[in-house]
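Asks: Below are the structure tokens for one structure; questions will follow.
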Amino acid sequence: MWGKGRGAISEVVASVILASVTVCLGLMLWGLATGWSFSSSLEFTRETDESIAQIQSSISVDLGYMSNGRCILYVRNVGDTPVKIMGVELYPEGGGGPMRPNFDATDCIERGDVGVLTIDDDTYCSSDSDKAVKVVIIYSAERTSNDPGRYLRFPYLLAPANLSRGGSG
Amino acid sequence: MKGISSILGAVILAAIVFTVLIPLLIFLQNTTTLYHLQVLERHRAEIERFQENLEIHATISPDNHDIYLLVRNKGSLAVNLTNVYIADSGGGLTIWNSTGNSVISPLSPITPIYLNVTAEEDKAYTIHAATERGRSYAAVEKPLNITDPPYILQVTVLNMKYDRRYLITVEVADWMGLRLGCVAGATSCNETSSLDYYASTWNENQTFFFKLLPGNYTVAIRELEWNGATWEKVNEYGPRNVLILDNAVTIFRLPYNAPLSISDIEKAFTISIDAPSSVFTKMEGSIYKTVTVNIGVNIGLIAAANESLRDLRIKLEVVDYKNLDGYNIYPCGGGECEIEVEKLRPGDNKTLNFRLELNPTDNLGGGYVVLRASLVTARGEMTGKTYDSVYSDDVAVSLCKFTEMYYIKCVGSDCDCPGDCTWIRLFKICICKTSIFPRCDIPD
């Protein structure tokens, strides 16, 4: 390696040094790779779990009717995870909307359960108005309820006749 | 020793690949597979949801008016009913929760479900049933109102016999151990209702309508005959089972009856003349005035006649007369006159109006005419047979003429002779003149 006749380290030492350097660099690379892999797995797991939660959430409306300025909907959780109703939008017949009225709903609807959603709107929830209204229920799986990007929408057409059957969404 | 670092480096890289990259890839693959399984699961659930197909009817028990749901699974999947919502027009809402086994198998018979709600007459009910998969079905009878059953059962009866009564009865029948449905009748909701019909022609066809709720019914027809004192049952057709889930039609074709003709038309058909027995005329100038007489000809067919008569021709004629210069019978205007009648049913009576104009001779004697009415021809409605030559009794109308004559009003010195009379002093006789003395004649 060095010039002939000069003092030099032996080949063995050189090899050991090189091997040590290689092992150190290798361990460092392995550690980095492992860390990256672990954090990526966690992130991917979280994303997948939220996507699965989104897929597993599903609702339907058993019955909807208008009564005394209120739209009352019996919302059934037909999915595989508890859901929460996050918001309601109204689209009146003939255009307009979305209106965002006050509403009251069961806090969390468990799998297979029915929750009551009551919407207060004297104008569009009156059975005497002779106008239908499309109710869009904004809901989410309970475990993704803090992520508005994961919210789902369920439309339901509410007929004006008292206690008539609406269209399912 | 040369190359050991390269070997170590290669070993480390391999270790990284096998301990980090490959497990990571396997983990990602597994997670993705899990996600896809969930997607497929949701997809399958949605497909199943859309494959559900239920038909739901609402009806009541005729005994206590309890509401029942009739469920028919027309799809290929079993369906679990979870909730039933019964809303009434008074604003009430009853939620029926499935506590037991409410699974409706595909292609199963119609399943009745007791809802533990009693229908009231002044309320209408809207019923929705929700399934476990998240579908909601409204009962077809929307709303269910026991005072206004939604379906019509049309019962057609063919070839009814003449002169028979038919009682058509619809009754709620037992069905899987239950009696469901009701028929509108005298009151809003009955378990049975009957219609009564009298057949007035041979092989008569009639359709009868009943309004009813969904359910199982029997339809029966009883044929009654009058035995002189009461209506006696001679035949019964049915009972026939009819399942009502929509409007329905049932036809009873009774045996065809060859129609009978009228065996003795002279007894079955009546004809008579209604005319005054005498008419009066008086001199006007040197001739007697023409006399007009209204003549009624009464025709009838007895109720027991086997068939109606069509296209009847009724004739009025003068068969004899005396002391007449001539006569005319109107509306025809000739010496005889015929009037056509379109139809005469058994039991019918009609009067035909003729006008007879008589022209008296100038001599002082009274006269007469003898009238006769007859059935010239008629056709049997069912058999097409021709009936004719039925005559009325001859009826004579006397024509009386008022003539002038003198008479002795009184005799003697006490006689108070009016001014328009003649007092013959020599004989003490009062002679008066009158023109109200009739001269009539009658046939021999």
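Asks: Take the conditions aromatic (Phe, Trp, Tyr), under 28 Å from the mean Cα position of the chain (by Cα) and under 24 Å from residue B:126 (Cβ atoms) and apply them to residue A:65. Does it pass? Walk me through it before giving the result.
Replies: Numbers: aromatic (Phe, Trp, Tyr): yes; under 28 Å from the mean Cα position of the chain (by Cα): no; under 24 Å from residue B:126 (Cβ atoms): yes.
Criteria not met by residue A:65.
Asks: Within the range A:1-102, which strands (runs of 3 or more DSSP E) (wholly inside it) include 3 or more residues that are more than 9 Å from chain B (Cβ to nearest Cβ) and in contact with a Leu (Cβ under 7 Å, 6 or more places away or on another chain)? Working first, answer last.
Replies: Values: elements: A:59-67, A:70-77, A:83-92.
Here the list reads A:70-77.
Asks: Residue by residue through the range B:226-239, note down the ones that are surrounded by 14 or more Cβ atoms within 10 Å (Cβ to Cβ) and at negative phi. Reasoning before the result, please.
Replies: Step one: filter the range B:226-239 for residues surrounded by 14 or more Cβ atoms within 10 Å (Cβ to Cβ), giving B:231, B:235, B:237-239.
B:231, B:235, B:237, B:239, listed by residue number.
Asks: Further question: For the condition in a strand (DSSP E or B) and not assigned by TED's automatic domain parsing to the domain that holds residue B:67, what is the one hit in B:188, B:200, B:193? If you could, list the steps in order and put the result at the bottom.
Replies: Working: B:188 fails: in a strand (DSSP E or B); B:200 fails: in a strand (DSSP E or B).
Among B:188, B:200, B:193, only B:193 is in a strand (DSSP E or B) and not assigned by TED's automatic domain parsing to the domain that holds residue B:67.
Asks: Of the residues that make up the range B:130-141, is at least one farther than 24 Å from residue A:56 by Cβ and more than 37 Å from the chain's Cα centre (by Cα)? I'd like the intermediate steps shown before the answer.
Replies: Of the residues in the range B:130-141, the ones farther than 24 Å from residue A:56 by Cβ are B:137-141.
So of that shortlist, the ones also more than 37 Å from the chain's Cα centre (by Cα) come out as B:137.
Yes, because at least one residue in the range B:130-141 is farther than 24 Å from residue A:56 by Cβ and more than 37 Å from the chain's Cα centre (by Cα).
Asks: Considering only the range B:248-275, how many residues are surrounded by 13 or more Cβ atoms within 10 Å (Cβ to Cβ) and within 23 Å of residue B:155 (Cα to Cα)?
Replies: Quick first cut of the range B:248-275, residues surrounded by 13 or more Cβ atoms within 10 Å (Cβ to Cβ) only: B:248, B:250, B:252, B:254, B:257, B:259-262, B:265-266, B:268-275.
Then keep just the ones that are within 23 Å of residue B:155 (Cα to Cα); that gives B:248, B:250, B:252, B:254, B:257.
The total comes to 5.
Asks: While we're here: Please specify each residue of the range B:374-432 satisfying the condition of being under 30 Å from residue B:263 (Cβ atoms) and of a type in the set (Val, Ile, Thr). Reasoning before the result, please.
Replies: At the first step, the residues of the range B:374-432 found to be under 30 Å from residue B:263 (Cβ atoms) are B:374-395.
Matches in the range B:374-432: B:376, B:377, B:383, B:386, B:390, B:395.
Asks: Could you identify the single residue in B:4, B:86, B:56, B:12 that is facing another protein chain (nearest Cβ under 7 Å) and surrounded by 15 or more Cβ atoms within 10 Å (Cβ to Cβ)? Before you say what the answer is, go through the steps one by one.
Replies: Numbers: B:4 fails: surrounded by 15 or more Cβ atoms within 10 Å (Cβ to Cβ); B:86 fails: facing another protein chain (nearest Cβ under 7 Å); B:56 fails: facing another protein chain (nearest Cβ under 7 Å).
B:12 is the lone residue from the list that is facing another protein chain (nearest Cβ under 7 Å) and surrounded by 15 or more Cβ atoms within 10 Å (Cβ to Cβ).
Asks: For residue B:67, all conditions in the list (1) of a type in the set (A, V, I, L, M); (2) within 14 Å of chain A (Cβ to nearest Cβ); (3) not in a helix (DSSP H, G or I) hold save one; what is the number of the exception?
Replies: With respect to (1) of a type in the set (A, V, I, L, M); (2) within 14 Å of chain A (Cβ to nearest Cβ); (3) not in a helix (DSSP H, G or I), residue B:67 is out only on (2).
Asks: Has the range B:42-52 got any residue that is at pLDDT 90 or above, of a type in the set (A, V, I, L, M, F, W, C) and loosely packed, with under 14 Cβ neighbours inside 10 Å?
Replies: Filtering the range B:42-52 down to residues at pLDDT 90 or above leaves B:42-52.
Checking which are of a type in the set (A, V, I, L, M, F, W, C) leaves us with B:45, B:47, B:50.
Imposing the further condition that a residue be loosely packed, with under 14 Cβ neighbours inside 10 Å reduces the set to B:47, B:50.
The answer is yes, given that some residue of the range B:42-52 is at pLDDT 90 or above, of a type in the set (A, V, I, L, M, F, W, C) and loosely packed, with under 14 Cβ neighbours inside 10 Å.
Asks: Now, a different point. Output the residue which, of all residues in the range A:103-132 that are in contact with a Ser or Thr (Cβ under 9 Å, 6 or more places away or on another chain) and assigned to a strand (DSSP E or B), is nearest to the other protein chains (Cβ to nearest Cβ).
Replies: The residue in question is A:114.
Asks: Now a separate question. With (1) of a type outside the set (A, V, I, L, M, F, W, C); (2) at pLDDT 90 or above; (3) under 30 Å from residue B:22 (Cβ atoms) as the list, and residue A:22 as the residue in question, which single condition is left unmet?
Replies: It is condition (2) that residue A:22 fails.
Asks: On to the next question. Has the range B:31-45 got any residue that is under 30 Å from residue A:22 (Cβ atoms), of a type outside the set (Phe, Trp, Tyr) and within 11 Å of chain A (Cβ to nearest Cβ)? Quick ask: steps written out before the conclusion?
Replies: Going through the range B:31-45, the residues under 30 Å from residue A:22 (Cβ atoms) turn out to be none.
No, that holds for no residue.
Asks: Same structure, new question: Scan the range B:189-222 for residues that are surrounded by fewer than 16 Cβ atoms within 10 Å (Cβ to Cβ) and farther than 20 Å from residue B:239 by Cβ and jot them down.
Replies: Answer for the range B:189-222, where residues must be surrounded by fewer than 16 Cβ atoms within 10 Å (Cβ to Cβ) and farther than 20 Å from residue B:239 by Cβ: B:198, B:200, B:205.
The values are calculated or read from the model by the stated rules, or taken from the named source; none is laboratory data. What you see is a predicted model, and the numbers here were worked out from it, not measured in a lab. Cβ atoms come from the backbone with ideal geometry, glycine included; neighbour counts cover every protein chain shown.
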